[in-house]
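Report on the following structure.
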Amino acid sequence: MEDYSLRPRVFDGAKWDLVDDRTKADREQGPQQVGKERQHPLPPMLDKDNGKIFVSIVSYRDGKRCGQTLKSLFEKASEPEKVFVGLVEQNKPEDAKCIRVFCNSDPVLCNKHSSQIRYLASFDLASQGPVQARALQRKNLADEEFCLQIDSHMDFIQGWDTALKEEWLGAQNEFAVISTMPPNMADRVKYEDGGDKVGQVPRLCHLERSYSNFPMFTKPPKEFAVNLKAPLLAHSWNAGFSFHKCHLEEIAPYDFFMPQVFDGEEFPRFARLWTRGYDVYTPSKNIVFHDEGPEPDGHDMKGWPKMEILRELSIHRLKTLLQMPAGDHSEVVQANFGLYGLGKRRSMEQFAEFIGVDFESTKLKISSCGKKQWVPYDFSVTAFENLYDHANDLDPQPEFPLRNRSQQPKISPDVSSSASFPNSEEIGTTANDRLLSNTPTANSGMSPFLTFLFWIFGIFMWYKVFAAPQKRHLINGLHTKGKAGRKTNGLGIGSLLNPSFTAGDKDA
């Protein structure tokens, strides 16, 4: 008889659920497509010329631990040259700085990889919470293929980058997101060989209500999966550990217009990415560990200046997004969200059923933690399509100044065919470009040849208007000053090129 204890299964806090451990080939038996809906996710695609990972870190007065996180990232990566960090740091002037701590702890490693860190900094008094801070990462994101979002106090296993890519590939889904609540760093030995939690991976199973009557995932979880052979479809998402293709950041970007939000960060974004066709999976093993202890200098990780009126506006925005009773249910308000709103691939009714929540009665239903089924959707609907159109006051949409290439798969109208990456004509468009290109007022753009001609014409006009007169003035000035210099204390070209130079400086 087969040993039950060796089977992949999930403990939901009260009982065990066996997990479907059939092979990939077994799972793919049956129809691939019914009508316009594929019955299986879009297979993963890899960019053989990329493979880079963008690591998003937001630090609020946590420089000491953040510096050690950077050290662990680069030191334990299999391909550290492909790891790029976006760091948004919020500090008081006297606080320890993340990069400085990293460089002081390992100068050689710092010298080798500091150029791979993109940095935004602000004073702690300007902080409005983690949602706005993470939204700023779009200024750091470039053309990396994968994105890893973590907290500022983490540790990693050796070869974490390879392990995460293997987990993502194991989900067999281009729109897969590998995420869960990482184990406590202090308990790491328990999860290693010989420990009493070896083979266990924490899994977020249940919801609870915040003091604003808002759904949130119960943390820390008492639930876990064990003996997984592959990533397991989940009905939760964790902001402190999320690994996915970077096209998610373009399609379901962080909402900058939600200041003062902490507990409401995860559930709404999960709704947005799920309705746009993304699926979250619990990894089959622990790759990242989270420091749940206090900040070494006693700083409060939620100590940003509180503004209750902004928080109330953000909560109302969230309830409008999720179509909760206290929100605004008008379609035009929903349409004004743009990419900050819900997607069109799956409905909120499907989401409520999948996750186990009743938004109308604000009741939380009991949902199975181990036996989740993938929810099909129409692949002819793109992930960029919003649930509601016809905005009359569209929120300013995100821009990615360093990102020149979208890696959103291009799916043929024949959804049974394979997908491909955008071609060269589509490279360089931002999420905002693609959103506006669907509106009647969008400009179709100029050809590259006309753009080049206008560029040359602009340079020529700049030269005629600004450069040429300045050049003539400089030559005349040098001639005049040169003559004067022979008559006055030796001042000539030196005084023209260095205005701070005076007669009293000639002996310096």
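What the table below lists for this structure:
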read-out	value
Nearest-20 debye value, the range 215-372 charge dipole, Cβ charges on Lys, Arg, Asp, Glu	700 debye
Most to least accessible of Glu166, Glu192 (protein chains only, probe 1.4 Å)	Glu166, Glu192
Accessible area, probe 1.4 Å, largest first, for residues Arg7, Arg345	Arg7, Arg345
Loop sites in the range 166-234: trypsin sites (Lys or Arg not before Pro), DSSP, at most 14 other Cβ within 10 Å	Lys222, Lys229
Heavy atoms of Leu169 accessible to a 1.4 Å probe, total area in Å² rounded to 10	60 Å²
Potential extension, Gln373-His40 segment - 0.36 nm per residue separation minus Cα distance	118.8 nm
Shape call, the range 299-357: gyration tensor on alpha carbons, a/c limit 1.5	prolate
Calculated from backbone phi, Karplus (6.51, -1.76, 1.60) coupling profile of the range 220-237 in Hz, x at Gly/Pro	x, x, 8, 8, 7, 9, 9, 6, 5, 9, 8, x, 10, 3, 10, 10, 7, 9
Most to least accessible of His244, His206 (protein chains only, probe 1.4 Å)	His206, His244
Distance (nanometres) between label positions extended 7 Å along Cα→Cβ at Met185 and Asp300	2.3 nm
Cα gyration tensor shape of the range 232-356, rounded if a/c is under 1.5, else prolate or oblate by comparing a/b with b/c	oblate
FRET E, pair Arg209, Ser122, Förster distance 41 Å, beta-carbon r, rounded to 0.05	0.80
Surface accessible to a 1.4 Å probe, Asp106 within the full protein complex, Å²	40 Å²
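The values are calculated or read from the model by the stated rules, or taken from the named source; none is laboratory data. It should be emphasised that the depicted structure is a prediction, and the values quoted were computed from it without experimental measurement. Cβ coordinates were reconstructed from backbone atoms using ideal geometry, including for glycine residues, and neighbour counts include every protein chain displayed. Keep in mind that these areas ignore ligands, DNA and RNA; they rest on the heavy atoms of the full protein, side chains included. Shrake-Rupley method; radii C 1.70, N 1.55, O 1.52, S 1.80 Å.
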